[in-house]
1. What does the net charge come to around Asp111 if you take all other residues with beta carbon closer than 15 Å to its beta carbon, with K and R at +1 and D and E at -1?
2. Can you check how the C-alpha radius of gyration of the stretch 137-214 compares to 2.2 N^0.38 Å, as a plain ratio?
3. Across every pair of different alpha-carbon atoms, what Kirkwood hydrodynamic radius in Å does the stretch 116-182 reach?
4. Select from the stretch 98-185 those chymotrypsin sites (Phe, Trp or Tyr not before Pro) which occupy a DSSP coil region and have at most 10 other Cβ atoms within 10 Å, ordered by residue number.
5. For the chain, what relative contact order do you get, as a whole percent, if you take Cα pairs closer than 8 Å and at least 6 residues apart?
6. How large is the charge dipole for the stretch 113-214, taken about the Cα centre, if only the Cβ atoms of Lys, Arg (+1) and Asp, Glu (-1) carry charge, to the nearest 20 debye?
7. With all distinct Cα pairs included, what does the Kirkwood hydrodynamic radius of the chain come out to in Å, to one decimal, could you say?
8. Over the Cα atoms of the stretch 56-143, what radius of gyration and what Dmax do you get, in Å?
Amino acid sequence: MSATTRPSLLLRRYNAGQRLNHWITAITFLLLTFSGLALFHPSLFWFTQFFGGGTWTRILHPYIGVVMFVSFSLLALQFWHHNLLSRNDVQWLRQIRDVVQNHEDRLPEVDRYNAGQKLLFWVMIVTIPTLLITGVVIWRPWFAPYFTIDTVRIAALVHAVCAFVMISGIIVHIYAALWVKGTIGAMVRGTVTRAWAAKHHPGWYRRVIRGEDH
Ligand code: HEM
């Protein structure tokens, strides 16, 4: 087969708009994590120096939160249908030992995303809007005065719990992206190799080959 007729070794997984959308979400999430932790505990207050001091950290945090919510919502609208759990996913979760021991050959066929990625997606779907709603309730001076002090206290607690869940989840998300070699390229260049797709997402690979997905 000549070089001109040889099929490309790379498959497109994300377009430029989707990658831009993802990285805006990721960068705003990191800014929120560090500014939020700075406000959460005095021992982490020193993070405020990256945001122009304590006052600026307090002013900026909720606005960055709104940007992340909008950006994540656009991402979620594009990907939610790829994250619906199937029968195979339930079996994949039952075989989580095989997943962590790298016995991918024993697992049921994975489609565009595996069950771990899908569950994390739904954790994001629950926690990000909850962070926005509780964040608005505790947002002084604009909205907090409209709520009772008990409501503001409960909202602050739920906000912190959701932030903890999200930060833990994103640590797993980043670890998995680095652990499965070749995955970061999907979100950096937009492409993956055929070998990566056939090994980690065989169901998606078959559909791409048939021209049913892109
Ligand atoms: C900060 C570092 C981050 C890194 C290195 C990273 C990396 C990646 C990579 C490599 C993928 C592609 C996975 C694949 O195609 O199989 C991906 C997908 C995705 N990421 Fe991230 N990400 C980060 C942060 C975030 C954050 C903060 C969010 C949301 C708040 C997020 C939401 C998503 C979503 C929704 C997908 C599509 C997967 C799905 O729909 O299940 N990412 N990420």
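1. Summing Lys/Arg as +1 and Asp/Glu as -1 gives +3.
2. Normalised by 2.2 N^0.38 Å, the Cα Rg of the stretch 137-214 equals 1.84.
3. Its Kirkwood hydrodynamic radius stands at 13.2 Å.
4. Here the chymotrypsin sites (Phe, Trp or Tyr not before Pro) that fit, given the DSSP loop and packing criteria, are Trp142.
5. Values: 198 pairs, mean separation 56.8, N = 214.
Averaging sequence separation for qualifying contacts and normalising by length gives 27 percent for the chain.
6. Details: 10 positive and 3 negative charges, 100 e Å.
About 480 debye.
7. Its Kirkwood hydrodynamic radius stands at 19.4 Å.
8. Cα radius of gyration and Dmax of the stretch 56-143 are 17.8, 56 Å respectively.
Only the coordinates and a few stated rules stand behind these numbers; no lab work does. The structure presented is a predicted model; accordingly, all values stated were derived computationally and were not measured. FYI the Cβ positions are ideal-geometry reconstructions off the backbone, even for glycines, and counts take in every protein chain you see.
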